[in-house]
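Trainee: Please find one structure pasted underneath; my questions will follow.
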Amino acid sequence: MSSTSIKTTCCIAGGGPAGMMLGFLLVRAGIAVTVLEKHADFLRDFRGDTVHPSTLEMMHELGLLDEFLKLPHSKVDHVSMQIGADHVTIGYFDTLPVHCKFIALMPQWDFLNFLADHGKRYPGFDLRMQTEATDLIEEDGRVVGLRARTPQGELEIRAGLTVACDGRHSTLRKRAGLTVDDLGAPIDVMWFRLPRKAGDGDEVVGHIESGRMLVMLNRDDYWQCAFVIPKGSADAVKAKGLDTFRATVGEMAPFDVRGRLGEIGSWDDVKLLTVAVDRLRRWYKAGLLCIGDAAHAMSPIGGVGINLAVQDAVAAANILAEPLRRGTLSVETLKAVQDRREFPTRVTQRVQILMQNNLIGPALEGSGTRPRAPLLIKMLQWPLLRRIPGRVLALGIRPEHIRTLDVMAGRDAQP
Ligand SMILES: Cc1cc2nc3c(=O)[nH]c(=O)nc-3n(C[C@H](O)[C@H](O)[C@H](O)COP(=O)(O)OP(=O)(O)OC[C@H]3O[C@@H](n4cnc5c(N)ncnc54)[C@H](O)[C@@H]3O)c2cc1C
């Protein structure tokens, strides 16, 4: 095995939504980037596939929306929940001040390939698949790059800035010794698919009953189903057997799926997501910045993880592009990224934890009494208030806008 060394302006570890969007925006602004992705491709099932109106609006600002919407996707324009005997609608997107008043459900690999294809049109975009960041290189108390494992051998990358976008099990944040606060998550999720048939309806549907919860996302020809369970109980669910699992799904689905349950052929068709909600106290140190799940793992509630990761990337590009170009990047610049993004992250996690602890957690305990929709959720059904949750869900707490230059177009993107 050989060892090679290269130099770049910004090295990004992790080709998920945060890393690919940051890499694309920086190279579009004329800054050389190397993006490392440990897998050979972006094809992974049951990752977040929700592209919210805030992200679609950024695609518009980039002049890419029409092309992006040519990719296969389904549209969600509201979300319904059956909570015990109460039926509630959580999101109304029809009055949002954006071009797309819907959530696009799109395979995450299509989204990432789209960003990669556009990044490759700019000189200076160096995307390296099958390249896994393994350690940081530190000199005089400053991160000056990283080490990576490739099929050809060890790679050393020296960079003015290293960005950890390597997800919620981030290797780089561990190596940097940054402190993570675990905010707790009482749930895990078992994901599986069921075929979709005409007449099923086209909404996102959720159903909470004593002791169980099922969410179904319309993916055109199939339903992406999330069976929510108390944390750590996957083995107990499996011990009851696949037939019991199938029967429970059949009881929980809002329409008749009994003829399709055979599609869950074995436990291999059911993927476990161990839910974590955590946040770094400090997202940076000299020469290193963490964004996306590497800075804050999100609960799947609201499906906002991708969009927060994308908004982090946009904010980071807006703040970092000029200092990177001029070579004036300082720790204060990195702190400015955390200062910008920490508040929306905290508020979003707080709301997720409130829902976990006050609605989903107690309902999963299965006390025997049917759960009811909390008063706040019932109040949010009132015509004057009902657009508030949709707006927060769709746009986030602090929507970001593209402020970086497009060197190819020689103009700033229109905010
Ligand atoms: C099963 C599941 C379902 C989810 N559903 C939703 C949803 O519906 N909607 C939603 O918005 N969010 C959802 N999420 C969360 C969402 O996927 C994440 O919040 C979002 O992808 C975070 O983006 P990221 O770029 O920060 O990290 P990730 O998407 O985790 O990307 C990190 C990337 O880095 C790569 N990587 C990791 N370590 C290294 C390394 N050492 N070197 C190089 N590369 C590395 C990984 O392969 C990965 O491609 C879900 C998550 C899971 C696991």
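The values are calculated or read from the model by the stated rules, or taken from the named source; none is laboratory data. These numbers come from a predicted model, not from an experiment. Glycine also receives a Cβ, built like all others from the backbone with ideal geometry; neighbour counts cover every protein chain displayed. Accessible surface is based on the protein model in full, side chains and every heavy atom, while ligands, DNA and RNA are left aside. Shrake-Rupley method; radii C 1.70, N 1.55, O 1.52, S 1.80 Å.
Trainee: Give 288, 272, 320 a once-over and let me know the one that is open to solvent by 30 Å² or more (accessible area, probe 1.4 Å), more than 7 Å from the ligand (Cβ to nearest atom) and of a type in the set (A, V, I, L, M, F, W, C).
Mentor: Answer to the selection: 272.
Trainee: If you check residue 405 against the conditions, is it modelled with pLDDT of 85 or more and buried (at least 20 other Cβ atoms within 10 Å of the Cβ)?
Mentor: In short, no.
Trainee: Out of the residues in region 5-51 meeting the condition of being of a type in the set (Asp, Glu) and within 17 Å of the chain's Cα centre (by Cα), tell me which one is nearest to residue 310 (Cα to Cα).
Mentor: The extreme case among them is 49.
Trainee: I would also like to ask the following. Please verify whether residue 14 is in contact (Cβ under 8 Å) with a residue 12 or more places away in the chain and more than 15 Å from the ligand (Cβ to nearest atom), treating the condition exactly as stated.
Mentor: For residue 14, the condition - in contact (Cβ under 8 Å) with a residue 12 or more places away in the chain and more than 15 Å from the ligand (Cβ to nearest atom) - is not met.
Trainee: Right, another one. Looking at this structure, is residue 341 buried (at least 19 other Cβ atoms within 10 Å of the Cβ), within 30 Å of residue 8 (Cα to Cα) and basic (Lys, Arg)?
Mentor: Against the criterion (buried (at least 19 other Cβ atoms within 10 Å of the Cβ), within 30 Å of residue 8 (Cα to Cα) and basic (Lys, Arg)), residue 341 qualifies.
Trainee: Let me ask you something else. Just name the residue that is farthest from residue 36 (Cα to Cα) out of those in region 157-171 that are open to solvent by less than 10 Å² (accessible area, probe 1.4 Å) and under 21 Å from the mean Cα position of the chain (by Cα).
Mentor: That would be 170.
Trainee: A follow-up question, please. Determine which single condition residue 243 fails, assuming it passes every other condition in (1) in a helix (DSSP H, G or I); (2) of a type in the set (Asp, Glu); (3) closer than 30 Å to residue 23 by Cβ.
Mentor: (3)
Trainee: Then there's this: Sort through 361, 396, 390 and tell me the only one that's within 15 Å of the chain's Cα centre (by Cα) and either within 16 Å of the ligand (Cβ to nearest atom) or farther than 21 Å from residue 25 by Cα (or both).
Mentor: Exactly one residue qualifies, and that residue is 396.
Trainee: Being β-branched (Val, Ile, Thr) and within 11 Å of the ligand (Cβ to nearest atom) narrows it down to one of 55, 9, 89, so name that one.
Mentor: Of 55, 9, 89, the one residue that is β-branched (Val, Ile, Thr) and within 11 Å of the ligand (Cβ to nearest atom) is 55.
Trainee: On to the next question. If you check residue 3 against the conditions, is it part of a strand (DSSP E or B) and closer than 30 Å to residue 151 by Cβ?
Mentor: Criteria met by residue 3.
Trainee: Would you please list the contacts, defined by Cβ atoms under 6 Å and residues six or more apart or on different chains, that run from a residue in region 18-41 that is within 16 Å of residue 160 (Cα to Cα) and within 12 Å of the ligand (Cβ to nearest atom) to a residue that is modelled with pLDDT of 95 or more and in a helix (DSSP H, G or I)?
Mentor: Matching pairs, first to second residue: 22/313; 22/316; 22/317; 23/119; 35/19; 35/23.
Trainee: Identify, from the list 210, 299, the residue that is within 16 Å of the ligand (Cβ to nearest atom), over 30 Å from residue 160 (Cβ atoms) and at pLDDT below 90.
Mentor: Of the residues listed, the single one that is within 16 Å of the ligand (Cβ to nearest atom), over 30 Å from residue 160 (Cβ atoms) and at pLDDT below 90 is 299.
Trainee: For the list (1) free of Cβ contacts under 8 Å to residues at least 24 places away in the same chain; (2) surrounded by 15 or more Cβ atoms within 10 Å (Cβ to Cβ); (3) not hydroxyl-bearing (Ser, Thr, Tyr), I need the number of the one condition that residue 376 fails.
Mentor: Every listed condition holds for residue 376 apart from (2).
Trainee: Restricting to region 254-269, what's the tally of residues that are among the charged types (D, E, K, R), out of contact with any strand residue (DSSP E or B) (no Cβ under 8 Å at 6 or more places or on another chain) and away from the ligand (no atom under 16 Å from the Cβ)?
Mentor: The number of residues fulfilling the criteria is 2.
Trainee: Determine the pairs where a residue that is within 21 Å of residue 33 (Cβ to Cβ) and within 14 Å of the ligand (Cβ to nearest atom), located within region 134-156, has a partner that is open to solvent by less than 70 Å² (accessible area, probe 1.4 Å) and not in a strand (DSSP E or B) with Cβ atoms under 6 Å apart, the partner being 6 or more residues away or on another chain.
Mentor: Close Cβ pairs satisfying both conditions: 148/131; 150/131.
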